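I'd like to ask some things about the structure below.
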Amino acid sequence: MAFADFDLKTACERFGLTIEERTDLFAAVQAVEVPVRLREVLETWAPAALAMNTEKARSEMIIAPILMATVRLLGGRVGLFSGITFDVDKDRGLNGTCDFLLTASPELYFVRDPVLAVVEAKKEDIVGGLGQCVAEMVAARIFNERGAGQSKTVHGAVTTGSNWRFLKLDGTRVFIDPPEYYLDQAGKILGVLVSIADQP
């Protein structure tokens, strides 16, 4: 078993988690101004990615540029990894390839202190990606505990590129943010990503 094999029910049962669906996690987060460079990329390439409607196109032309803009907005204090193998505990199914990991460290050569796992929804199925995202968040927390010796809150996102849904793992509770954000809310999506990556 690997990250991609988990659905939400299986992930919660295996890792002893409960779901909280009513808390608007980012209601107080303000939208940020979309950087000119990102706005130009999205205006030029998002329509093409949506027309092609392939996961690769959405990943390269929408998701990656938004995450790269987040790193730039934070002055390069955080790191971004794409398509890396993240084997934390194979016996528990906490292994496989992560679409994207945002880390609290700018380290480029290896993962240190992951704070956000981003799962690209397969077949544009946000709900179907929640289990994989939860499993990656659990793996990230275990990874952090091994490195820093302490547990910390880990966030996740499941996205089609045009739609974004955020999660938070805190203790044994998985918070699934009720709102689903859309590409025309890119400033809010960036605001959420910055607030997650900039947490102490």
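Among Leu108, Leu101, which is in contact (Cβ under 8 Å) with a residue 12 or more places away in the chain, farther than 16 Å from Gly191 by Cα and assigned to a loop (DSSP other than H, G, I, E, B)?
Just one listed residue meets the conditions, Leu108.
For (1) outside any helix (DSSP H, G or I); (2) in contact with a strand residue (DSSP E or B) (Cβ under 7 Å, 6 or more places away or on another chain), each residue gets a yes or a no:
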position: Leu116; (1), (2): yes, yes
position: Cys133; (1), (2): no, yes
position: Gly147; (1), (2): no, no
position: Val158; (1), (2): yes, yes
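Right, here's the next one. Any chance you could count how many residues in region 142-200 are acidic (Asp, Glu) and touching a residue at least 24 places away in the same chain (Cβ under 8 Å)?
The total comes to 3.
Restricting attention to region 144-159, which residues are modelled with pLDDT of 95 or more, of a type outside the set (Gly, Ala, Ser) and more than 18 Å from Lys56 (Cα to Cα)?
Val154, His155, listed by residue number.
In the list Ala49, Ala28, which residue meets the criterion of being of a type outside the set (Lys, Arg) and buried (at least 19 other Cβ atoms within 10 Å of the Cβ)?
The conditions single out Ala49.
Shifting gears a bit: Need at least 1 residues that are farther than 22 Å from Lys123 by Cα, at pLDDT 95 or above and among the small types (Gly, Ala, Ser) per element, so show me which helices (runs of 4 or more DSSP H) inside region 1-74 make the cut, counting only ones lying wholly within it.
64-73
Could you tell me how many of the residues in region 138-168 are of a type outside the set (Ser, Thr, Tyr) and under 15 Å from Leu193 (Cα atoms)?
Selection size over region 138-168: 12.
May I ask you to say which residue of Val138, Val134, Val119 is surrounded by 23 or more Cβ atoms within 10 Å (Cβ to Cβ) and closer than 19 Å to Ala57 by Cα?
Among Val138, Val134, Val119, only Val119 is surrounded by 23 or more Cβ atoms within 10 Å (Cβ to Cβ) and closer than 19 Å to Ala57 by Cα.
Here's the yes/no breakdown for (1) over 21 Å from Ser195 (Cβ atoms); (2) free of Cβ contacts under 8 Å to residues at least 40 places away in the same chain; (3) more than 17 Å from the chain's Cα centre (by Cα):
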| site | (1), (2), (3) |
| --- | --- |
| Ala4 | yes, no, no |
| Phe15 | yes, no, yes |
| Arg22 | no, no, yes |
| Glu43 | yes, yes, yes |
| Ala49 | yes, no, yes |
| Leu80 | no, yes, no |
| Gly83 | yes, yes, no |
| Gly93 | yes, no, yes |
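Looking at the structure I just gave you, is Glu120 free of Cβ contacts under 8 Å to residues at least 40 places away in the same chain and of a type outside the set (A, V, I, L, M, F, W, C)?
It is false that Glu120 is free of Cβ contacts under 8 Å to residues at least 40 places away in the same chain and of a type outside the set (A, V, I, L, M, F, W, C).
The values are calculated or read from the model by the stated rules, or taken from the named source; none is laboratory data. A quick note: this is a predicted structure, and the numbers were derived from the prediction, not measured. Cβ: placed from backbone, ideal geometry, glycine included. Neighbour counts: every protein chain shown.
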